[in-house]
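Below: one structure, written as structure tokens.
Read-outs throughout are calculated quantities, based only on the coordinates presented, and are distinct from any laboratory measurement. Because the structure is predicted, anything quoted here is derived from the model rather than measured. For neighbour counting, all protein chains shown are included, and Cβ atoms are generated from backbone atoms with ideal geometry for every residue, glycine included.
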Amino acid sequence: MFSFDPVAVRADFPILSREIGGKPLVYLDNGATTQKPRRVIEALSRFFSNENANIHRGVHYLSREATDAYDGARDLLKERLRVPASHELIFVRGTTEAINLVTHGLASELREGDEIILTMMEHHANFVPWQVLAQQTGAVLRFAGLRDNGELDLEEWQSLFTPRTRVAAFTQVSNVLGTINPAAAMTAFARERGALVLVDGAQALPHGPVDLGAIDADFYAFSGHKVFAPDGVGVLVGRREILDAMPPYQTGGDMIERVSIAGTTFRHSPERFEAGTPNISGAIGLAEAFRYLEGLDWVAVNRHEHELLVHATEELEKIDGIRVFGSAPGKAAILSYHCASAHPHDVGTILDTEGVAIRVGHHCAQPLMDYLKVPATARASFSFYNSHEDVEAFVRAMRKVERFFG
Ligand SMILES: Cc1ncc(COP(=O)(O)O)c(C=O)c1O
């Protein structure tokens, strides 16, 4: 039933047959956003051609159909992600909004001197909202450092817990280093010490299914656009009793029980946190992406991605002056590097002339850049639809950089 043929899978993504400046597109910016399979594109087209209506409000046929599709998307995601019965799944704009929703909800909970544990590998989305919350409440941020190979220093992380620790927030997979953190073990450790746990899953789901029941974090966030689905939609899974005790993040239509001039009462989650018309088509596209991903043999996918990473790393390291960041065992196929002779922006620009799309800059992880003592890196991030020919084109383009800046 499950299969994985890298060549056949590539044909499922129409954009990958594009040419850029007369050269075949080599898309290695999957950490920023992933491409969409035809199946997702067609699901959106089908929705807008046949079912489009606002949800939860209409008695007419189309509205009922759109409501069923939206609610059905939630049910499908809950099932595929193995969301425990104690948790609810809220549609949001993406990981950033999911984390802001949580920090907003905790603002009245935290007291001066309470502690929030983060790591040095967080994306700004899982850093800045906590920093702002700390400034608002007088809470203190504490940071766990990394080992030389880019792994989280788990002993240091564990040593940061004190009786004042209220929250531990960490990424499951680093968007810069590719490091995979042991999310379930970390969550168990933090929860045993009475801390709330938020896991940023933005870079985890693109590389394989995630079992949220096994992780059992209080909050888990991810973005649709990074899992082969549309942008503008994402998910926050949260423990229902915590969510329902939080003030709503936004207020307005669809999230109320009763509104009168005297006051308003709010619904429970998920509606409590879905004020206004949600991204209906986005949720439907996200569910379709999960249906697509479900058909893949993920053991074979992971092997393929790992082979691409090894191939690219080995070839890149043959080039003089290359420093690769992150070599944690079993890391995800994300390759960040610095080239002694050229600024990352020049690397990215030259690669672009060869049709090779990579990301350059601080990757929304400036504290990590400071920690690594570099202003920026170049990053090639792979997905299952990439091929060894893509790796070869990337390496050829890097050789051009070497010749140019020598
Ligand atoms: C680890 C991680 N967390 C959070 C985000 C933010 O995601 P979004 O911009 O979709 O909200 C990203 C995006 O790159 C990411 O890589």
| request: Determine how many Å³ per residue the convex hull of the Cα atoms of the chain encloses. | output: 147 Å³
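On full extension of the chain, what length is gained from His345 through Phe2, given 0.36 nm per residue of separation minus the C-alpha to C-alpha distance?
Working: separation 343, 0.36 × 343 = 123.48 nm, distance 4.03 nm.
The span from His345 to Phe2 would gain 119.5 nm if fully extended.
Structure shown: which of Lys23/Lys318; Lys23/Lys226; Lys36/Lys373 lie over 31 Å apart, alpha-carbon to alpha-carbon? Provide the component values of the computation, followed by the final result.
Details: Lys23/Lys318 25 Å; Lys23/Lys226 25 Å; Lys36/Lys373 35 Å.
Flagged as over cut-off: Lys36/Lys373.
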| said: Taking the number of other C-beta atoms within 10 Å as the exposure measure, put Lys36, Lys331 in order starting with the fewest. | reply: Lys331, Lys36
| field | When the convex hull of its Cα atoms is projected in every direction, mean area for the stretch 1-95 (nm²) | value | 9.7 nm²
| Using Cα pairs under 8 angstrom and six or more residues apart, how large is the relative contact order of the chain, in percent? | 23 percent
| query | R0 = 60 Å: FRET efficiency of His56 with Thr353, Cβ-based, nearest 0.05? | reply | 0.75
| query | For the chain, modelled as a GNM with alpha-carbon contacts under 10 angstrom, which of Gly252, Gly94, Gly232 fluctuates the most? | reply | Gly252
| field | Gain upon complete extension [Arg267, Ala300; 0.36 nm per residue less C-alpha separation] | value | 7.5 nm
| said: To check you understand DSSP bridge types, tell me what percent of the beta bridges within the chain (both residues inside) are antiparallel, rounded to 5. | reply: 60 percent
| note | With R₀ set to 35 angstrom, the calculated FRET efficiency between the beta-carbons of Thr33 and Ala188, to the nearest 0.05, is 0.65
| request: Report the calculated FRET efficiency for Val310 and Ser49 (r = Cβ-Cβ distance, R0 = 51 Å), to the nearest 0.05. | output: 0.70
